[in-house]
Amino acid sequence: MNIGGLVLKNPVMTASGTFGYGEEFASLVDLDRLGAIIVKGLSLKPARGNPPPRIVETACGMLNAIGLENIGVDRFIREKIPFLEKLSTPTVVNIYGTCIEEYQALAARVEEIAGIRAIEVNISCPNVKAGGISFGVDEKAAYEVICAVRQKTTKPLWVKLSPNVADIVRIAKAVEEAGADAVSLINTITGMAIDIESRTPKLANVTGGLSGPAIKPIALRMVWQTAVTVKIPVVGIGGIVTATDALEFLIAGASAVEVGTANFMNPRATMEILEGIEKYLAAKSIPKVTDIINTLKI
């Protein structure tokens, strides 16, 4: 399958921020069997993230306010790329910035790394030059940042969309027009949790991103709405824990999926999902997984 110029051996990938830099899972998962590894979100400079507590378990999911902690692009190139380049599975880098110039500079650095096969742009970040509004909630801002990144890279360019919008399809169409080769959705939904004994937020950051099975119906609906509208491939994310979950996204129109929160509950989730998809295809006598993509009957 071809996701905006990146050919995958199967549709099961890891979601950024839930699989480290890949090597952390090497003793638990056959990394060469994955469709792609999407590494932890990367910024120009190292980021410490938010103070703890920054993860809270919720009903059917979890809230996280990690704050995009990462080692920065220089250390990533020096320490992580040598391992990733040994794998047959392609590596996708998720990038973020606080202004368009940061996104451009980071894309230019990643463009030079032969071992990186595609870029996924996280546009759920605050634009410090626009008063802190997220790039991903404004179609004009989303268009502008993707146009800017597109100028700096020839690699397949995916855009990870925020669900915290009135109409995600409008954002998807804006980034498609700006030059995106694919869209991945959804990112986490903003939420919070309260300790009733102390009457304080359970997260030091007060709010965080809700992920896990609780958001799957929302993600599935948004993937379907987007897939029937844009011409570029759609990657489904959100609450995928089992092969059945993944198959629902594929039938709804996703060309591939990313497994996220499930990796925390079951480090072998990606392998079990992949095996489950293979068993489903065999049981239904379906020759290849692409035959089920966008086959929803309405």
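I need to check one value: relative contact order of the chain, counting alpha carbon pairs closer than 8 Å and at least 6 residues apart, in percent. Provide the component values of the computation, followed by the final result.
Numbers: 678 pairs, mean separation 56.2, N = 298.
Relative contact order here is 19 percent.
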Rounded to the nearest angstrom and ordered from largest down, what semi-axes does the equivalent ellipsoid of region 41-94 get from its C-alpha gyration tensor (root of 5λ)? 27, 16, 8
Using eta = 0.692 mPa s and T = 37 °C, Stokes-Einstein with Kirkwood Rh from Cα pairs puts D for region 150-255, in µm² s⁻¹, at 220 µm²/s
In whole Å, what are the extents of region 104-198 along the principal axes defined by its C-alpha atoms, from largest to smallest? 52, 28, 25
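In µm²/s, what is D for region 4-92 at 37 °C and 0.692 mPa s, where D = kT/(6 pi eta Rh) by Stokes-Einstein and Rh is the Kirkwood radius from Cα pairs?
Here the translational diffusion coefficient equals 228 µm²/s.
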Calculated [θ] (222 nm, deg cm²/dmol) that DSSP helices of n ≥ 4 give over the chain, each run adding -39,500 (n - 2.57): -8000 deg cm²/dmol
Residue by residue through region 284-298, the couplings from Karplus 6.51 cos²θ - 1.76 cosθ + 1.60 with θ = phi - 60°, in Hz, x for Gly and Pro, are 8, 6, 9, x, 8, 5, 5, 6, 9, 5, 6, 10, 4, 9, 9
What's the percent breakdown of Cα-Cα distances in region 240-298 across 5 Å bins, shortest bin first? 4, 20, 28, 26, 14, 7, 2, 0
I need to check one value: relative contact order of region 198-291, counting alpha carbon pairs closer than 8 Å and at least 6 residues apart, in percent. 24 percent
If you add up the charges near Lys202, with Lys and Arg at +1 and Asp and Glu at -1, over every other residue whose beta carbon is less than 12 angstrom from its beta carbon, what do you get? -1
Region 1-156 - Rg over Rh from alpha carbon coordinates, Kirkwood radius: 0.96
Taking only the alpha-carbon positions of region 57-149 as identical scatterers, the Debye log10 I(q)/I(0) at q = 0.25 Å⁻¹ comes out as -1.24
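Using only alpha carbon pairs under 8 Å that are at least six residues apart, calculate the relative contact order of region 94-180 and give it in whole percent. Can you show the working numbers first?
Values: 142 pairs, mean separation 27.7, N = 87.
Once normalised by length, the contact order is 32 percent.
Taken together, the values in this text are just the output of simple stated rules run on the coordinates, not laboratory data. All values derive from a computational prediction rather than experimental measurement. Counting neighbours? That spans all protein chains shown, and the Cβs are built from the backbone with ideal geometry, glycine included.
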